[in-house]
Structures are given as structure tokens and as C-alpha cells.
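Novice: Structure below; questions to follow.
The values are calculated or read from the model by the stated rules, or taken from the named source; none is laboratory data. Bear in mind that the values here come from a model prediction, so they are computed numbers and not experimental data. Every residue, glycine among them, receives a Cβ derived from its backbone with ideal geometry; neighbour counts consider all protein chains shown.
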Amino acid sequence: MALGFIGISFMLDHLHDLLNRRWQTITPPFVLDSPEKCLLGRKHWVGHPWQDFTYKYNADGFRTEYYDSGIVAVGDSFTEHWGGPVTEQWTKHTGKDIINLGVDGAGNDAIADIVYWAVNKFKPNTVIVMYSYFHRYSGPKEFMADSTDDYVNCLRFMKAVDKIRTLCNSVKLIETCIPDDLYLEQEVKIIEHLIPNRVTYEQTDTARDGAHFGPATVKDIGSKIGKYL
């Protein structure tokens, strides 16, 4: 069952990328989801099975319905499902209705803020987090991805993990990450140390943009996470 929009004192207005998407509907091709920007070339984009869809965002800027299932998922564009229709988000393949709070461009600090907002707004019994790149962070006006200080990046990640776990100390927390090959070697070691029981998977195909999760991968991730729900 879908929920209506619920008022809450803590807002996400400081996340300007999210603010700018409220009530927006974007029809591809545009920016990265276009034949010109496809990482695997025009032929891949044009021939991909996922066609004729839009990016439709709700009043809070998320590409999701609000369900009363008690389950939320938070992450970046891999969770939002960049390059594919909303019906093929990996959360749609878990067997449960999940509020998908993925946001394109979000870093782990923004993901932690969204978890805080979601825990207070929806009072979920289960929170799924797919952690993002270490070098991303929330700038004063937009999401940034230009941090080259490995120490700062690792510290930011560890703080985000700690904040999320504190926020979720009374609910079930399921943790996973974007594909390992998108991290530096030392970042993978930190992830393995901090989150030894994370849900793991292999990205075997790509979305229409040639980068994000494809048809087989979303089903695999959904199936694996679904076992914990």
C-alpha cells in the first residue's frame, strides 16, 4: 500500500541536487543517459532492452512511491537506477515493496543524512544502505566528486557508516556497496574491515547508459537482498 506525503521537521533542503528534482519529470536522452554519453557507445544505448521510460520524481525529489512496508533503501544512482526504468530498480526484485531513496550523485555523507530523514519520516523496521564512492561529498550548492585526499575520503566514509549504524541501532540494517571495482584497493580493504557481512554480488551487465546495473544484475542483487527481508 502506498503512503501519502508525511510532514517532518528535519528536511533535506541542504541537498540542492535533491531539491531541484522535486516534482520533475525528465525524458531521455539527456546528460549521461544519451547515445552520445553512453560509456559503451551509441549502438549499446539504442539497442538496449530498456527504452521509452522517464525519470519521474516525487515531492521530495525521489524516484519512488511511498509504501507502508516498513522498508527503505538509500544509496546513489545505482540504487535510484540510472539508465533504466523505475520498474527495474534492484529494489523491485526483492519480493517486497521498498521505498527507494536513491539519489544520483549522492556521497556517503548525503546517504547518512537521507537515512536520518527516512528513519524519522517513515519509522521503518528495515533500512538497506548501498554505500557510494569515497570521493563524493555534499558541497554547499551541489554534490561534489573531486576530493583527492584519500585520508579525508576514508574518514568521511567511516563517519557515515558510524552515523548510519547509530541511527539504525533499533532497526534491521542491511549493508551493501556499489561494485568493488569502482573503489581504490585501500578503500575495498576498509570496506571489508568495517562491513565484513555486507551483501556482495557481481555486476554482470549494464543499464542503457553503459555504466549502471543491467537486467541480470538488478535481479541478482534483488534476490540476494530479498533473502534478508
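Novice: Please name all residue pairs, on different chains or six or more residues apart, with Cβ atoms under 6 Å, provided the first residue is in the range 39-61 and is in contact (Cβ under 8 Å) with a residue 40 or more places away in the chain and the second residue is surrounded by 13 or more Cβ atoms within 10 Å (Cβ to Cβ) and part of a helix (DSSP H, G or I).
Specialist: The qualifying pairs are 61/18.
Novice: Which of the numbered conditions does residue 202 fail, given that it passes all the others? Conditions: (1) part of a helix (DSSP H, G or I); (2) in contact with a Pro (Cβ under 9 Å, 6 or more places away or on another chain); (3) surrounded by fewer than 13 Cβ atoms within 10 Å (Cβ to Cβ).
Specialist: With (1) part of a helix (DSSP H, G or I); (2) in contact with a Pro (Cβ under 9 Å, 6 or more places away or on another chain); (3) surrounded by fewer than 13 Cβ atoms within 10 Å (Cβ to Cβ) applied to residue 202, the lone miss is (1).
Novice: For residues that are among the polar types (S, T, N, Q) and part of a loop (DSSP other than H, G, I, E, B), tally how many sit in the range 148-170.
Specialist: Counting residues in the range 148-170 that are among the polar types (S, T, N, Q) and part of a loop (DSSP other than H, G, I, E, B) gives 3.
Novice: Here are some conditions: (1) free of Cβ contacts under 8 Å to residues at least 12 places away in the same chain; (2) crowded, with 21+ Cβ neighbours inside 10 Å. Residue 140 meets all but one. Which one does it not meet?
Specialist: (2)
Residue-wise test of (1) closer than 22 Å to residue 39 by Cβ; (2) at pLDDT 95 or above; (3) buried (at least 16 other Cβ atoms within 10 Å of the Cβ); (4) touching an Asp or Glu at 6+ places or on another chain (Cβ under 9 Å).
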| site | (1), (2), (3), (4) |
| --- | --- |
| 149 | no, yes, no, no |
| 153 | no, yes, yes, yes |
| 189 | no, yes, no, no |
| 197 | no, yes, no, yes |
| 222 | no, yes, yes, no |
| 227 | no, yes, no, no |
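Novice: Quick one: how many residues across the range 25-42 are more than 18 Å from the chain's Cα centre (by Cα) and part of a loop (DSSP other than H, G, I, E, B)?
Specialist: Qualifying residue count for the region: 12.
Novice: So if I check each of 73, 59, which one is of a type in the set (Gly, Ala, Ser) and closer than 22 Å to residue 173 by Cα?
Specialist: Residue meeting the stated conditions: 73.
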